[in-house]
Amino acid sequence: MFFSTAGTSKLNEPRDSWHSGWWSVKLILWLAMTVFPFLLPSEFIQLYGEIAHFGAGVFLLIQLISIISFITWLNDCCVSEKFAERCQIHVLLFATTAYVVCLVGIILMYIWYAPEPSCLLNIFFITWTLVLLQLMTNVSLHPKVNAGILTPGLMGLYVVFLCWCAIRSEPAGENCIRKSDTAAKTDWLSIISFIVAILAIVIATFSTGIDSKCFQFRKDDTIPAEDDVPYGYGFFHFVFATGAMYFAMLLIGWNSHHVMRKWTIDVGWTSTWVRIVNEWLAVSVYLWMLVAPVIWKSRQTDST
């Protein structure tokens, strides 16, 4: 789908109808491609697994940039001349709520996942998340940056969520995981969590796939024509391809030799470290987006 729709620019092109229609043909192709891998030698599946590791990392990076772009866009709208006076109270309320939720989440993680001093790894994860939250706030409120308090609050929610997901991905049986989390039997809560995880991935993949404009390095001020496509079709299918690879990695815990318990998803030490590295990368990208304009402006001033 990526190769057949990449470069589509107009709605009246045949590739537009192929992208948004032909569902009977696509259904047949989907059924065929679902059965076909079972006929392939295992070496091909192992090769796809190696490629999927890279593709899943690309998906996490794309999703990360999309989330940061949305947070930045929301903050720019709130502080713009058109909405600044009207949204001042709303920004303060949302930012305060975000910080309260972040602190409550960190406290609960300390209670649930670091009940003993011997839980050094979980204590490090949670404490470092708190440090990163403070760092993002300090940089954002610096006079030279002056990015406000809303963006670090929303980024804090995302970072705390990633930390929670990382600790939740730790294998069952660890002393620092609550007993209810290590129950050997499958219960309805596990099944519901599995289904919610699938839906969340699908929604995140779809929303990221139609957000190709946030990956444009140059701002395009041209007014789109009525027959222009609303988003990049090729990029949409590329995101779904990498999203499928990411979902495959969740099902095997990012390790093709790792045995997964039934009705579990994204469990294993590899999954834990992938989440933690993603959290640190998110903070690094966000801080760079704040600091880069200041550095670029100072260089331009020095050169003149």
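The values are calculated or read from the model by the stated rules, or taken from the named source; none is laboratory data. All figures in this text were calculated on a predicted structure; none of them were measured in a lab. Glycine also receives a Cβ, built like all others from the backbone with ideal geometry; neighbour counts cover every protein chain displayed.
Among F94, F54, which is the only one that is on the phi < 0 side of the Ramachandran plot and touching a Leu at 6+ places or on another chain (Cβ under 7 Å)? Sole residue among the options that is on the phi < 0 side of the Ramachandran plot and touching a Leu at 6+ places or on another chain (Cβ under 7 Å): F94.
Among the residues of segment 276-291, write down those that are in contact (Cβ under 8 Å) with a residue 12 or more places away in the chain and over 12 Å from the mean Cα position of the chain (by Cα). I'd like the intermediate steps shown before the answer.
Going residue by residue through segment 276-291, those that are in contact (Cβ under 8 Å) with a residue 12 or more places away in the chain are 276, 278-283, 285-287, 289-291.
Once the filter is applied, which keeps residues that are in contact (Cβ under 8 Å) with a residue 12 or more places away in the chain and over 12 Å from the mean Cα position of the chain (by Cα), segment 276-291 yields I276, W280, V283, V285, Y286, L287, M289, L290, V291.
P14 fulfils the conditions (1) farther than 25 Å from A225 by Cβ; (2) exposed (fewer than 11 other Cβ atoms within 10 Å of the Cβ); (3) over 30 Å from the mean Cα position of the chain (by Cα) except for a single criterion, (1). Of all residues in segment 117-171, count the ones that are among the hydroxyl-bearing types (S, T, Y), surrounded by fewer than 23 Cβ atoms within 10 Å (Cβ to Cβ) and under 11 Å from Y286 (Cβ atoms). Final tally of qualifying residues: 2.
Suppose we filter segment 34-77 for residues that are more than 20 Å from L162 (Cα to Cα) and either among the aromatic types (F, W, Y) or assigned to a helix (DSSP H, G or I) (or both); how many remain? Don't jump to the end; show me each part of the working.
From segment 34-77, those more than 20 Å from L162 (Cα to Cα) are 34-52, 73-77; that's our starting set.
Going one step further and asking which of them are either among the aromatic types (F, W, Y) or assigned to a helix (DSSP H, G or I) (or both), we end up with 34-39, 42-52, 73-77.
So the answer is 22.
Within the span defined as segment 262-273, every residue fails to be out of contact with any Ser or Thr (no Cβ under 7 Å at 6 or more places or on another chain), in a loop (DSSP other than H, G, I, E, B) and of a type in the set (K, R). Within the set I123, I106, the sole residue that is over 21 Å from the mean Cα position of the chain (by Cα) and at pLDDT 90 or above turns out to be I123. Does L93 satisfy the condition of being touching a residue at least 60 places away in the same chain (Cβ under 8 Å), of a type outside the set (D, E) and assigned to a helix (DSSP H, G or I)? Here the answer is no, as L93 does not meet what is asked.
I'd like the full set of residues that are not in a helix (DSSP H, G or I) and not polar (S, T, N, Q), limited to segment 236-257.
In the first step, residues of segment 236-257 are kept if they are not in a helix (DSSP H, G or I); the result is 252-257.
Of everything in segment 236-257, those that are not in a helix (DSSP H, G or I) and not polar (S, T, N, Q) turn out to be I252, G253, W254, H257.
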